[in-house]
Every structure is written in structure tokens, then in C-alpha cells.
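Let me begin by presenting the structure, written as C-alpha cells, before commenting on it.
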Amino acid sequence: MYYFALFLPVQEGGYAVEFPDIPEAFTQGSTLEECMDMARDVLSIAVEEYAKAKKQLPSPSPLAKVREAAEEAMRASGMDSSREPLTQLFQAPEIDMTPVKLNISMTRAALAGIDEKARRLGMTRSGLLVRAAQAYAG
């Protein structure tokens, strides 16, 4: 899926960036190039969070609706009206949440520790290992 990002000029220079369809995805930068990179990153993070929460991504809005959102944002926030807001289409990354069975090796003591921790947290062994890996990699 593709989502439009709004690049709204701010008084201090640079742009505030938001994705009208994904309100959790917003950022700001001092140059357009910086904002483009940050927009890709924030969209990727938001899509991953939707996947973790098992939430469906919203349907992308058409350009006309995004332009209306830009005009409203410019009016409501007092942004720099001497510069036009920009729109850019970004592809949302595909996040495959299909479970995959793994075969790993560890000591019995390590496995017992993992199972005990998972039990205390009310989680499954797999759930604990996934959460730990995400926290470590994040």
C-alpha cells in the first residue's frame, strides 16, 4: 500500500511531516532531504507497530483528501503560509506476521529460566522469546 505524507512548512524553517491516514506517523526536520528519510523511517515504525498490535492498516486516502488535510493543518496550526505544503507518496513496508517454526539449541538450565520467566509474566515461551528479541533488536 502507498500512503501520502504531508510536508508542512514551519515558521522556523524545515517541515513538519505527517501521514494523514496514520496519525501515529509524524516527524519533523530542517531540510526536505532529511524529512524524506525520516518520513520513510517513521512510516516503517508505525506499520510495524500496527502489525505487532494486530491492527489493520487504514485504507489510503486519495490525493484530494490529503490536500484538504494539508489546508486544514496549515490553517489550524499557523504554519508558514508563504510556502506551499508538499505531498509525497510512500510505500508502506510489507510486514509478514506469519508464524514460523524454529529449531534452536540451548542448555536445559537456560530453557528452564526462560520457561519460569514466561510463566511469571503469564506468557508463552515463544511470546517471551519474541518480545525479548524485539527489545534487543529495537
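Normalised per residue, the accessible area of segment 67-138 is 84 Å², obtained with a 1.4 Å probe and no contribution from ligands, DNA or RNA.
Specify which labelled value, from [x] 8.4; [y] 14.8; [z] 11.0, agrees with mean projected area of the Cα convex hull in nm² derived from the coordinates of the model shown. Recomputing mean projected area of the Cα convex hull in nm² here gives the entry labelled [z]. Only DSSP H runs of four or more residues enter the estimate; each adds -39500 (n - 2.57), and after division by the residues of the chain the mean residue ellipticity at 222 nm equals -15000 deg cm²/dmol. Sites count as exposed loop sites when they are trypsin sites (Lys or Arg not before Pro), lie in a DSSP loop, and have at most 12 other Cβ atoms within 10 angstrom; the longest stretch of the chain without one is 1-53.
Nearest 0.05, what FRET efficiency do MET1 and GLN134 give at R0 = 25 Å with Cβ-Cβ as r?
On the way: r = 23 Å, r/R0 = 0.92.
According to the calculation, E is roughly 0.60.
Exposed loop sites here are GluC sites (Glu not before Pro) in DSSP loop states with at most 13 other C-beta atoms within 10 Å. What is the longest stretch of the chain lacking them? Spell out each step's value before the answer.
On the way: sites that count: GLU12, GLU94.
Counting at most 13 other Cβ atoms within 10 Å as exposed, the longest clean stretch of the chain is 13-93.
The distance linking segment 29-90 with segment 1-26 is 3 Å (Cα centroid to Cα centroid, whole angstrom).
Mean Kyte-Doolittle of at least -1.0 plus a Cα span of 24 Å or more along the axis: flag which DSSP H helices in the chain meet both, please. Both cut-offs are met by 32-52.
The values are calculated or read from the model by the stated rules, or taken from the named source; none is laboratory data. Please read all numbers here as calculations on a predicted model, not as lab measurements. Positions of Cβ are generated from backbone atoms using ideal geometry, with glycine treated the same way; all protein chains shown enter the neighbour counts. These accessible areas exclude ligands, DNA and RNA; they are computed on the full protein's heavy atoms, side chains included. Shrake-Rupley method; radii C 1.70, N 1.55, O 1.52, S 1.80 Å.
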